[in-house]
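This report concerns only the one structure given below.
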Amino acid sequence: MASTGQQVAQVDLRPGEPADWHRQSAAAVAAAFDVDPERGLGAAEAAHRLERWGRNVIETRDRSPLWRIVADQFAQPTVLLLIAAAAVSGLLGEWADTIAILAIVTLNGGFGAIQEYRADRALAALRRLSEPSAKALRDGALASLAAEGVVPGDVVVLEAGGAVPADLRLIEALGLRLDESALTGESGAVDKGVELETRSDIPLELPLGERTTMAYRGTLVTAGRGRGLAVATGMHTELGRVARLLRRGRTLRTPLARRLDGFSKRLAACILVLCAAMFALGVARGEPALLMLLTAVSLAVAAIPEALPAVVTMALALGARRMVARHALIRRLPAAESLGAVTFICTDKTGTLTENRMRVSGLFADGEWIEGLGPEQLESKVWRRFGEALAISHDARRDPEGRLEGDPTEVALARVAAAAGLERAEIERELPRHAELPFDTRRRRMTTIHRDGDGFLAFTKGSPEDVLGLCKGRPSPTATEDVGPSSELETAAERARRGQRVMAFAYRRLSTLPETLDPNAVEQGLEFLGLVAMEDPLRPEAAAAIAECRTAGITPVMITGDHPATARAIADQLGLGESGSAPLTGAELEDLDVATVRQRVVRSQVCARVTPEQKLRIVEALQSRGQLVAMTGDGINDAPALRQSDIGVAMGLRGTEVAREAADMVLLDDNFATIVHAVREGRRIFDNIRKFIRYTLTSNSGELWTLLLAPFLGLPLPLLPVQILWINLVTDGLPGLALAAERAEP
């Protein structure tokens with residue numbers, strides 16, 4: 001085989017095409033890539049594949065050259081008109097006018113070029129995301145190599161705290177958990193396994209979050225260890241696919257820029273008509289052509305509001321400063337006004353509408369639910385044993401400063417036990433951990449085994465469906481009663497319908513351990529302890545912010561990677577959409593046209609289990625109907641939609657660099673209510689800019705009438721272009737700055 005390094009395999013593979021590795025067994029994938037999973041690739045074969053398929057990097061888009069960025073700043077109609085006026089003044093020998101006009105044009109264009117040059121770094125951030133090193137088997141030995149050197153067929157080793165360097169089909173997973181939120185948008189670590197699901201027909205388009213046998217580039221290993229076969233590298237990975245979407249995405253002009261552009265075109269057309277009419281009438285009356293030409297230039301300069309760019313910039317800058325004080329950082333100044341014009345806000349759930357932390361919302365044992373565990377409950381035998389399980393049946397630990405760290409779910413369990421005075425370190429002095437059976441996606445449970453005197457205690461926790469089926473009874477103060485699985489399952493299901501995550505706990509006393517720690521031997525004949533309901537609590541101000549959006553004529557839409565039932569439960573608590581209506585899922589999006597997508601989004605206002613392409617499609621569907629869309633996001637998967645939306649809003653606390661670089665605004669507190677405050681500020685900015693335009697057109701009309709009537713009354717040219725420029729900057733600029741700082745109207 002090629003994996004021995006004796007010869008170069010001539011395999012004909014296109015990594016990631018078809019993207020169905022999650023439906024194939026580990027052995028089939030190894031055979032497809034002609035690799036021995038125990039030895040890995042040989043050096044010669046690895047070099048051949050690197051040459052054939054290229055380095056494992058994310059390609060960046062060629063940026064626009066500086067000269068093009070600068071040239072684009074001078075393509076606006078009013079700017080072109082000023083440049084033409086400067087040229088005519090130069091031909092007439094009026095060099096002072098020419099220099100003054102060009103100075104103003106250069107200052108405005110230079111400022112815009114600087115803003116544009118700094119605007120687009122999203123793809124560069126994608127490239128910097130690559131892990132600098134990886135571990136892979138080469139010729140039977142573990143080798144450290146640069147991540148860009150990983151090739152299809154490599155056997156990559158994963159360890160807790162590391163990043164996944166390529167798309168992998170897992171061949172070994174020991175308690176392996178990955179944080180895939182940056183790629184899938186789904187909160188919480190995901191448990192991974194090796195064996196295929198028991199379903200006979202696994203769909204090709206299974207959402208990434210449900211592909212338990214796969215590990216994708218850009219995700220993080222939060223616990224456990226494992227090995228995987230690289231099935232895609234570089235631009236063939238799911239991360240590379242997002243990069244291609246980002247390259248395809250286009251940065252839209254903001255509503256303010258589009259309105260100012262339309263205003264400039266109409267104003268330029270009117271000025272040209274007036275200048276041409278005055279020149280023609282003056283020459284027809286016998287006036288000198290040069291005099292009339294200079295008068296026409298003066299008329300053009302008088303009609304153009306030269307202070308408009310400066311006032312707009314000042315208004316946006318002042319608004320951006322106000323927004324920073326409310327935890328909204330504006331990366332591109334026009335975005336400060338754009339928020340005031342949005343009609344749809346598409347927002348993520350985790351951390352934006354919720355607090356992004358797991359919290360135990362209820363405990364069930366001995367036939368009753370309680371909100372929190374206290375010392376009084378520990379007087380009961382049932383609750384005492386349940387509390388011990390909460391304290392030690394996990395891997396969360398305290399750091400040197402006393403803070404709990406680890407998986408968010410396990411930290412929540414440790415916190416509720418600690419509130420009752422049950423600390424893991426103290427309990428393990430009496431019940432030291434002897435062994436464990438790690439979580440497995442097929443079993444959907446884990447077991448920790450602790451020495452208890454001459455025997456052992458085994459605590460099992462997992463999904464209610466899998467744990468309750470292994471129970472024979474529940475402990476009680478008097479005797480062991482029979483467990484009624486149906487009643488306990490219904491109790492768990494009722495909490496799940498509220499959008500909460502429910503775990504079941506059970507235990508078993510062992511006199512001796514079996515010779516081999518096999519789940520089938522240990523996890524049987526269990527005694528039911530209780531249920532734990534957990535949730536990511538809503539932000540206290542989220543529901544009020546959603547209601548305020550509706551009052552302002554804005555439709556909020558929640559787009560999440562979570563399960564549809566969880567998404568709908570959260571939406572009902574927030575008052576989003578029709579209560580109980582089915583969310584629009586990513587699978588349904590594939591079969592709907594643009595009009596139907598928009599109708600479903602407006603009615604449900606909840607989208608669940610969506611992919612990066614589908615997020616982008618939702619934004620495009622709303623925009624195709626003339627809607628102005630703000631999109632929030634924090635992960636790599638959100639970057640294309642952030643870029644395509646009229647204003648992209650990234651999370652500052654938990655957002656990836658890719659999302660922040662693709663966005664126009666960054667929420668420093670990851671709070672949906674902050675967006676609502678920014679919308680209010682954006683509307684104030686637009687209102688003040690409109691006030692200035694009305695003011696400057698009114699004040700400039702006096703100059704227009706003076707210049708228009710003077711030649712026909714036999715008077716000399718009353719004002720030279722340089723004089724008009726000075727008057728406009730003084731009479732328009734200072735009042736314009738005052739108008740830019742005006743408070744919002746009631």
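Observations on the model:
- Relative contact order [Cα under 8 Å, 6+ residues apart], segment 282-354, whole percent: 16 percent
- Sorting Leu183, Leu80 by accessible area puts them as Leu80, Leu183; the probe is 1.4 Å, largest comes first, and only protein heavy atoms count.
- Among the protein heavy atoms, those of Leu708 account for about 40 Å² of accessible surface (1.4 Å probe, every chain in place).
- Reciprocal mean inverse distance between Cα atoms of segment 249-361 - Kirkwood radius, Å: 18.5 Å
- Heavy-atom accessible surface of segment 222-352, averaged per residue, reaches 38 Å², computed with a 1.4 Å probe.
- Judged by the gyration tensor of its Cα atoms, with axes a ≥ b ≥ c, segment 619-746 is prolate; a/c meets the 1.5 cut and a/b is the larger of a/b and b/c.
- Counting only protein heavy atoms and using a 1.4 Å probe, the accessible area of Leu339 comes to about 0 Å².
- Taking segment 518-614 and dividing mean pair separation by its residue count, relative contact order in percent (alpha carbons under 8 Å, at least six apart): 30 percent
- Accessible-area value, Glu426, 1.4 Å probe, nucleic acids and ligands omitted, Å²: 100 Å²
- Anchor Lys381: lysines whose Cα lies under 21 Å away (excluding residues fewer than 8 positions away in-chain): Lys461, Lys472
- Residues with amide H under 5 Å from that of Val57, placed H, sequence gap 5 or more: Gly234, Met235
- Here the Karplus curve 6.51 cos²θ - 1.76 cosθ + 1.60, taken at θ = phi - 60°, turns the phi angles of segment 280-292 into couplings of 5, 5, x, 5, 5, 7, x, 6, x, 5, 5, 5, 5 Hz, with x standing for Gly and Pro.
- Rounded to whole numbers, the Karplus 3J(HN,Hα) couplings from phi for segment 503-517 are 10, 10, 10, 8, 8, 8, 8, 10, 6, 9, 8, x, 4, 10, 6 Hz, using 6.51 cos²θ - 1.76 cosθ + 1.60 with θ = phi - 60°, and x at Gly and Pro.
- Mean Cβ neighbour count within 10 Å, used as a protection proxy, ranking 663-676, 360-373 highest first: 663-676, 360-373
- Dividing the convex hull volume of the alpha carbon atoms of segment 298-391 by its residue count gives 158 Å³ per residue.
- Summary of the geometry: segment 268-334 and segment 591-608, compared by the centres of their Cα atoms, lie 43 Å apart.
- Heavy-atom SASA rank of Tyr695, Tyr216 (probe 1.4 Å, accessible area, largest first): Tyr695, Tyr216
- Centre-to-centre, using Cα atoms only, segment 346-418 and segment 517-564 are separated by 15 Å.
- Taking all protein chains together, Thr698, Thr343 sort by accessible area into Thr698, Thr343, largest first [probe 1.4 Å].
- Segment 522-599 shape via C-alpha gyration tensor axes, a/c threshold 1.5: oblate
- Under Karplus coefficients 6.51, -1.76 and 1.60, residue-wise ³J(HN,Hα) of segment 563-568 in Hz, glycine/proline x: 5, x, 5, 5, 4, 5
- In the full protein context, segment 667-740 carries 44 Å² of accessible surface per residue, based on a 1.4 Å probe and ignoring ligands, DNA and RNA.
- For Ser133, the amide hydrogen comes within under 5 Å of the amide hydrogens of Ala147, counting only partners 5 or more places away or on other chains and with H modelled in the peptide plane.
- For Thr347, the amide hydrogen comes within under 5 Å of the amide hydrogens of Val557, Met558, Ile559, Thr632, counting only partners 5 or more places away or on other chains and with H modelled in the peptide plane.
The values are calculated or read from the model by the stated rules, or taken from the named source; none is laboratory data. These numbers were taken from a predicted model, which means no experiment stands behind them. Neighbour counts are summed over all protein chains in view; Cβ atoms, including those assigned to glycine, are modelled from backbone coordinates with ideal geometry. The protein model used for the area step is the full one, side chains on, heavy atoms only, and it has no ligands, DNA or RNA in it. Shrake-Rupley method; radii C 1.70, N 1.55, O 1.52, S 1.80 Å.
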